[in-house]
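Written below as structure tokens is the structure these notes are about.
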Amino acid sequence: MTEIQTPRLLLRRWQDTDLAAMAEINADPEVMHWIRDGSVLDLEQTAEAIERWEEEWDEEGFGLFAVELLASGELAGFTGLSVPDFLPEVLPAVEIGWRLGRPYWGQGYASEAAHAVLEFALEDRGLDRVISITRIGNTASENVMRKLGMEPERELTDPRYGHPLRIHAIDLTEYA
């Protein structure tokens, strides 16, 4: 089982006991504001999402980690890798992404988890390039991308929802 421990976090595969906490995160309109069309997800939609995330682990050898606080065992959200199939213009690519519940914002958890996942991607999984995609205007996510050393690469329009997107990227030579 793939796990990564940082000073404050445990990044691990998903467990059945994570569903309620992740559904609560996905039901928060502020959390979901910048994601897809901004719609919240219910318990059933969250269960389906977690199932897809676990399938990606099996198919790709990477995926979205559940992010657990070491001090309390609370589920804070996710951070991990995925293939951004919804945006064919960037393929082949692997994206690093994150989603944390509001109580965990502004404490450096997203950056801490994302740094660990970037290292996992480039060193453990042998990827030579990783991207991150955000809606233009999502400055909090762009700040995390900058902390990772990612540079803005290009702007596109989300083919599903029409939102302007900004692609950031980093390759192994820039990371090293």
Review point. In whole Å, what is the distance between the alpha-carbon centres of the stretch 15-52 and the stretch 84-108?
Key: 14
**Study point:** Karplus-derived 3J(HN,Hα), 6.51/-1.76/1.60, for each residue of the stretch 70-79, Hz, glycine and proline x
**Key:** 5, 5, 10, x, 5, 7, 8, x, 9, 8
Review point. ³J(HN,Hα) across the stretch 28-42 via Karplus (A = 6.51, B = -1.76, C = 1.60, θ = phi - 60°), whole Hz, x for Gly/Pro?
Key: 8, x, 5, 5, 8, 3, 8, 9, 6, 9, x, 6, 7, 10, 8
Exercise for review: Return the long-range amide H neighbours of Glu153 (sequence gap of 5 or more, or a different chain), with a cut-off of under 5 Å between placed amide H atoms.
Suggested key: Ile167, His168, Ala169
Review point. Which ³J(HN,Hα) values, rounded to whole Hz and listed in residue order, are derived for the stretch 151-163 from phi using the Karplus coefficients 6.51, -1.76 and 1.60 in 6.51 cos²θ - 1.76 cosθ + 1.60 with θ = phi - 60°, glycine and proline given as x?
Key: 10, x, 10, 6, 10, 9, 10, 5, x, 7, 10, x, 7
Exercise for review: Bin all alpha-carbon pair distances of the stretch 8-102 at 10 Å intervals from 0 and give each bin's fraction as a whole percent.
Suggested key: 16, 48, 32, 4, 0
Check your understanding: If you work out Cα extents along the principal axes in Å from the coordinates, which of [x] 38, 35, 33; [y] 49, 36, 26; [z] 56, 27, 24 do you get?
Key -> [x]
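Throughout, read-outs are computed from the coordinates displayed, never taken from laboratory work. Quick caveat: nothing in here was measured; it's all calculated off a predicted structure.
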